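Below is one structure, written out as structure tokens; the observations come after it.
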Amino acid sequence: MPNAFAYLMLMIWPVACVVMFRRMGIERAIIWSILGGYLLLPPRAVFDLPLVPDFNKTSIPNLCALACCLWVAKRRVPIWPESRTMKILLILFLAGTIPTVLTNTDPILFYSVFNAEPVSFVTGGLPGLRMLDVLSIASNQAITLIPFVLGRAFLCNRTGLRELILALCVGGLVYSLPALLEIRLSPQINIWVYGFFQHDFGQMMRQGGFRPIVFLPHGLWMAFFFMTAAAAAAVLFRTADHKARPRLLAATAYLFIVLILCKSLGPLTYGLAVVPAILLATPRTQIRIAVLFAGIAVLYPVLRDYGLIPLERILGWAEAINPDRAQSLAYRFENEELLLERAHEKWLFGWGGWGRNLVRDLTTGEIISIPDGEWIIVFGTFGWLGYLSKMGLLAMPIVLLLARARKAADLRIVAALALILAITLIDMLVNAILTPYTWLIAGAVLGFAENPRTREAEAEAGKPSPPKPLMC
């Protein structure tokens, strides 16, 4: 159980956000309110109040960032994108919960004896959804979208984009210190600070050593963050002057070494693809690669249904690299098959919450399937409607960026952010890693794509608040 300090950190984060908004430019304050909360606040600690969404390390920073933009910085926050497609996706993401609830009002019961009517031998069940759940689910969806809205409104100019990429790099460099300590001593920092361990300790042991976790939900989250940080350092290297380039090249190499030490094959593979692409490919080529990745991610369920994903070949590649990781991947694919079959029973609107989308033993109700990929969780919970709206909100900014890339004078930073966003979509096929800063990136890419010339002109004119010096 989290200790008192864990809950104290959740309570004082709003104060920290107010201080940041008073002392920093709005771009930097938004980024560090959300990214700082993700990196520092305790996982699994939550204020569970009735009739309102949970207040945790994701919702508190999101709400505080929005509130500070409105009442501390006194800035208007536009919600609706310019693109009609994005508006439709946004509405579906929020309002799609209504048909999901209306089609799942019946409870799911488990029986010890079947076909014994009129006598029922009920051993347990899952409740049906109520109209009250519409408000709860829609509120959670709206809180999730706050970084997306703020990123589009305030981080889409040159200042905001650079602040975002700089924050990811600096965050990675600072976070590498506790990560290296845990690699050496074992994952203990969350226990020392917040009084509990947030996951299965056995999963943090690999290759005769340890994977770091610090204050994140899992070691995979940690490795994925360092992959993002290494990519951010590579972007800064490409855009820096000659004096700063040696330091930034060293930072890129250092963060990549930390990524290797995290001992997670997936994020390492992404790093081997993304970092060289940022260093060597042109910005427009990076955007084209990002569009390809995003298209594969969005269409994955269809490709999977029609047998167009070469699962056996993928497992063969994984076996050649690491037999243990191949076995883990095969287990994930097997669970996907079970969950996909379950999802097809309510393919349009999904099964809703309370774990109704999971495959369970018909007698005991025990869960016999483990969802790993974000896509199958969303598809099973909200159906095609929820899946396409969520994946579309993340993928469409990349498509719009490609369509309007010719209007932009400098694509180097936004192209790299689009590539990071696309690789996140690919990772959502095998892991449930969707972070608040991913939504920030998606919003920033969308805002830049909507009107790149205007955004660049604003940045040149200095209308956004100027960044304060920050050494990396």
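Excluding the site residues themselves, the longest part of the chain lacking any chymotrypsin sites (Phe, Trp or Tyr not before Pro) in a DSSP loop with at most 12 other Cβ atoms within 10 Å is 115-305. Over the range 1-63, with every protein chain in place, what whole percent of the accessible area is carbon and sulfur at 1.4 Å, could you tell me? Result for the range 1-63: 70 percent of the exposed heavy-atom area is carbon or sulfur. Protein-only accessible surface at a 1.4 angstrom probe places the residues Asp133, Asp372, Asp48 in the order Asp48, Asp372, Asp133, largest first.
Using a 1.4 Å probe, what is the accessible area per residue for the range 62-211, in Å²?
It amounts to 48 Å² per residue over the range 62-211.
Roughly how many Å is it from the Cα centre of the range 35-107 to that of the range 122-139, as a whole number? Distance between centres, Cα-based: 19 Å.
Hey, what did the range 39-186 get for relative contact order, percent, Cα under 8 Å, at least 6 apart? Rounded, it is 21 percent for the range 39-186. Accessible area of Arg325 (1.4 Å probe, protein heavy atoms only, ligands and nucleic acids ignored): about 60 Å². Each Lys or Arg adds one and each Asp or Glu subtracts one; over the other residues with Cβ under 10 Å from the Cβ of Arg304, this totals -3.
Just to confirm, what accessible area per residue do you get for the range 236-373 at 1.4 Å probe, in whole Å²? Working shown, then result.
Details: 7490 Å² over 138 residues.
Dividing the accessible area of the range 236-373 by its residue count gives 54 Å².
For the set Arg76, Arg130, Arg404, Arg360, the ranking by accessible area, highest first and with no ligand, DNA or RNA atoms included, is Arg76, Arg130, Arg404, Arg360 under a 1.4 Å probe.
Surface analysis of the range 7-55 yields an accessible area of 47 Å² per residue, using protein heavy atoms and a 1.4 Å probe.
Across the range 123-269, Cα pairs under 8 Å and at least six residues apart give a relative contact order of 22 percent.
Dipole size of the range 142-279 about its Cα centre, with +1 on Lys/Arg Cβ and -1 on Asp/Glu Cβ: approximately 360 debye, rounded to the nearest 20. So how far, in whole Å, is the C-alpha centre of the range 260-321 from the one of the range 346-372? First find each Cα centre; the distance between them is then 28 Å. Comparing the chain with the 2.2 N^0.38 Å rule of thumb, its C-alpha radius of gyration ratio is 0.98 (two decimals). In the range 251-367, the portion of solvent-accessible area held by carbon and sulfur atoms comes to 67 percent [1.4 Å probe, whole percent, DNA, RNA and ligands not counted]. Is the shape of the range 181-275 rounded, prolate or oblate, going by the alpha carbon gyration tensor and its root eigenvalues a ≥ b ≥ c, with a/c under 1.5 for rounded and a/b larger than b/c for prolate? Note, shape of the range 181-275 comes out prolate. If you take the alpha carbon atoms of the range 348-407 and fit the smallest convex hull around them, that volume is 71 Å³ per residue. Dipole of the chain computed with +1 at Lys/Arg Cβ and -1 at Asp/Glu Cβ about the Cα centre; of Val399, Pro99, Ala294, farthest Cα towards the positive end is Val399.
Could you give the length gained on full extension between Val302 and Phe196, defined as 0.36 nm per residue of separation minus the Cα-Cα distance, in nm?
Stretched out fully, the Val302 to Phe196 stretch lengthens by 34.1 nm.
Summary value for the range 180-255: 24 percent relative contact order, contacts being C-alpha pairs under 8 angstrom separated by 6+ residues.
The values are calculated or read from the model by the stated rules, or taken from the named source; none is laboratory data. Computed from a prediction, not measured in an experiment: that's the story for all the values here. Neighbour counts are summed over all protein chains in view; Cβ atoms, including those assigned to glycine, are modelled from backbone coordinates with ideal geometry. Side chains included, ligands, DNA and RNA excluded: accessible areas come from the protein's heavy atoms. Shrake-Rupley method; radii C 1.70, N 1.55, O 1.52, S 1.80 Å.
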